[in-house]
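Please read the structure below before turning to the comments.
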Amino acid sequence: MDLSLAHEASQRTLKQRNLLALVCIVLGILVVVMFTAASTRDREIVLQPILPSEMTLSSKAVSREYLEAVTRDTAQLALNRSPETLQYWLDGIIAISAPESRGPLKVQLMRIIEEQQGSQITQFVTIDWIRTNPDNLTSQVGGVLHTIVGSRDVRREHKIFEFHWTYTGVSLRLKGFGVVVKKEGEQS
């Protein structure tokens, strides 16, 4: 009788162990499947607070609306500067730039700071239009660039600025920007 009770107890323990092992294997497989699904799925972020409509970012590609919003804000930062705000201007542009572009970009920006520091020259832009190309990750901004010396508006000229971007994950970073120079014989 003791032998049969011991046999039943060991069979119950064996069944429990086998059931526990099966549950662990199923849970392990489930974790692997969920991890694979999570890592291959495109990420999305929904932006809304200051935009006129809801905007979604995806890790697949940058949307035209998002590229336009970022271009607008970057143009306002990059093209509006005065001697009092040069350090903020430099830090802001470097913060949004791509890591591989920071060195060459900072060298160019430091030249501008050396020219403008200690002067009374202020520049600002009034934007007329923005064109974006999400496929090539470029955008153009057209507007009037005002140059003010002291309190006099000494120059107003229409300029076109081009911005180049890089997009990885859901991060859009500035690679560079500059004035679009028209070739001889080209019309506006």
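If I filter segment 114-132 for residues that are over 19 Å from the mean Cα position of the chain (by Cα), over 17 Å from THR147 (Cβ atoms) and either outside any strand (DSSP E or B) or touching a residue at least 40 places away in the same chain (Cβ under 8 Å) (or both), do I get at least one hit? Yes, segment 114-132 has at least one match. Looking only at segment 94-132, residues that are in contact with a helix residue (DSSP H, G or I) (Cβ under 8 Å, 6 or more places away or on another chain) and closer than 21 Å to TYR167 by Cβ come to 7 in all.
Would you check which residues across segment 133-155 are part of a strand (DSSP E or B) and within 12 Å of SER82 (Cα to Cα) and list them? Walk me through how you get there before you give the answer.
First, pick out the residues of segment 133-155 that are part of a strand (DSSP E or B): 133, 138-149, 152-155.
Result: HIS146, THR147, ILE148, VAL149.
Any chance segment 112-135 includes a residue that's touching a Ser or Thr at 6+ places or on another chain (Cβ under 8 Å), among the hydroxyl-bearing types (Ser, Thr, Tyr) and within 13 Å of PHE177 (Cβ to Cβ)? For segment 112-135, residues touching a Ser or Thr at 6+ places or on another chain (Cβ under 8 Å), among the hydroxyl-bearing types (Ser, Thr, Tyr) and within 13 Å of PHE177 (Cβ to Cβ): absent. The condition (being within 18 Å of the chain's Cα centre (by Cα), modelled with pLDDT of 90 or more, under 22 Å from ARG72 (Cβ atoms) and not in a helix (DSSP H, G or I)) is satisfied by just one residue among HIS164, HIS158: HIS164.
The values are calculated or read from the model by the stated rules, or taken from the named source; none is laboratory data. Keep in mind that this is a model prediction, so the values were computed, not measured. Heads up, the Cβs are rebuilt from the backbone with ideal geometry, glycines too, and the neighbour counts pull from every protein chain shown.
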